[in-house]
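The values are calculated or read from the model by the stated rules, or taken from the named source; none is laboratory data. All values derive from a computational prediction rather than experimental measurement. Positions of Cβ are backbone-derived with ideal geometry, glycine not excepted, and every protein chain shown enters the neighbour counts. All accessible areas refer to the heavy atoms of the entire protein, side chains included, with ligands and DNA or RNA removed. Shrake-Rupley method; radii C 1.70, N 1.55, O 1.52, S 1.80 Å.
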Amino acid sequence: MTLHALHDAATVARLAGAPCPECESLALSTENPSEVLFAFVGSNPLAPDWLVDLDLPGERIACWSGTLDPDAATSGDLFRAHPHNWMQPGGEALARLLDEITPGLERHGRRLCLVPHARHVLNDVQGSINLIRERAGSPIEVALAPASLLTPSMLGTLEDHLARCFETLAEHAPFLFLHDVQVDVEDDRLLPTPLGEGILDQEIVRRMIDRHWPEDRPIVIPAGDLAAQGAWLSGS
């Protein structure tokens, strides 16, 4: 298992005695922390003032596909439901962003990997595979992030939803971003939490990984108790 953990970028920089990079977090190998799989830019890429530093650590930059919620910046919540994210304006806004950023990525030899989320523009399996096919041959990628695509209503048929995610997207994804979830009843959404601290069925998740995810391809987990999360993944 090739395991990476998503660490706070400011904390990593402070420990290394280096300037803080312009990103939220860094995915570092658990075997060799100097190995950066990607830098994660956690702000809203569809905001009018969004900028990304193409000289961030690692050859890959990861980000959300974004939201058209006009109040996202002031509320500090990128994950409120907004209907335009699921309609034509959302797809058009994301396409414009990718068209604009692709030439710079190519010049710098970098890749941009979108992390889907159920409340963002790239919000389901079909939309993810469509974008992968549309951007084939470009530096645009899509991560396999099955828990981020879940909603509370999907938990009763969890295995079906995870199977569709893995069967459709695992072949194309550069990494698997995996976390557990807890239910936010007030807002009818799932909140991310380290593996083993939520309600995901461990056996179902491990079965999907064993069937569909190559051992030599990276799995990225949240920072936290890495030993406990590794044990959860291995079934021990």
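Return yes when Trp213 is aromatic (Phe, Trp, Tyr), more than 18 Å from the chain's Cα centre (by Cα) and modelled with pLDDT of 95 or more and no when it is not.
no
For Thr102, indicate whether it is open to solvent by 40 Å² or more (accessible area, probe 1.4 Å), of a type outside the set (D, E, K, R) and either within 28 Å of Arg189 (Cα to Cα) or more than 15 Å from the chain's Cα centre (by Cα) (or both).
no
When the residues of the range 157-193 are filtered to those that are under 23 Å from Ala39 (Cα atoms) and not in a loop (DSSP other than H, G, I, E, B), which remaining residue is most open to solvent (accessible area, probe 1.4 Å)?
By that ranking, first place goes to Pro192.
Quickly run through the range 65-81 and pick out the residues that are modelled with pLDDT under 95 and surrounded by 19 or more Cβ atoms within 10 Å (Cβ to Cβ).
Within the range 65-81, just Ala72 meets the criteria.
Could you list, ordered by first residue, the pairs with Cβ atoms under 9 Å in which the first is in the range 137-157 and farther than 20 Å from Trp64 by Cα and the second is among the small types (Gly, Ala, Ser) and at pLDDT 95 or above, at least 6 apart or interchain?
Cβ pairs passing all conditions: Met154/Ala118.
Checking Gly196 against (1) touching a strand residue (DSSP E or B) at 6+ places or on another chain (Cβ under 8 Å); (2) on the phi < 0 side of the Ramachandran plot; (3) surrounded by 14 or more Cβ atoms within 10 Å (Cβ to Cβ), which test does it fail?
(2)
If the Cβ limit is 9 Å and pairs must be 6+ apart or interchain, which residue in the range 213-226 that is touching a residue at least 24 places away in the same chain (Cβ under 8 Å) pairs with which residue that is in a strand (DSSP E or B) and open to solvent by 60 Å² or more (accessible area, probe 1.4 Å)?
Pro222/Pro192; Ala223/Asp8
Scanning the range 205-236 for residues that are open to solvent by 20 Å² or more (accessible area, probe 1.4 Å) and of a type in the set (S, T, N, Q), which turns out farthest from Leu176 (Cα to Cα)?
So the residue we want is Ser236.
Go through the range 54-99 and give me each residue that's of a type in the set (S, T, N, Q) and within 20 Å of the chain's Cα centre (by Cα).
Ser65, Thr67, Asn85
Residues of the range 171-206 being without any contact (Cβ under 8 Å) to a residue 40 or more places away in the chain, more than 30 Å from Arg111 (Cα to Cα) and not acidic (Asp, Glu), which ones?
Gln182, Val183, Val185, Gly196, Gly198, Gln202
Which is of a type in the set (Asp, Glu) and free of Cβ contacts under 8 Å to residues at least 24 places away in the same chain, of Glu31, Glu59, Glu92?
Glu92
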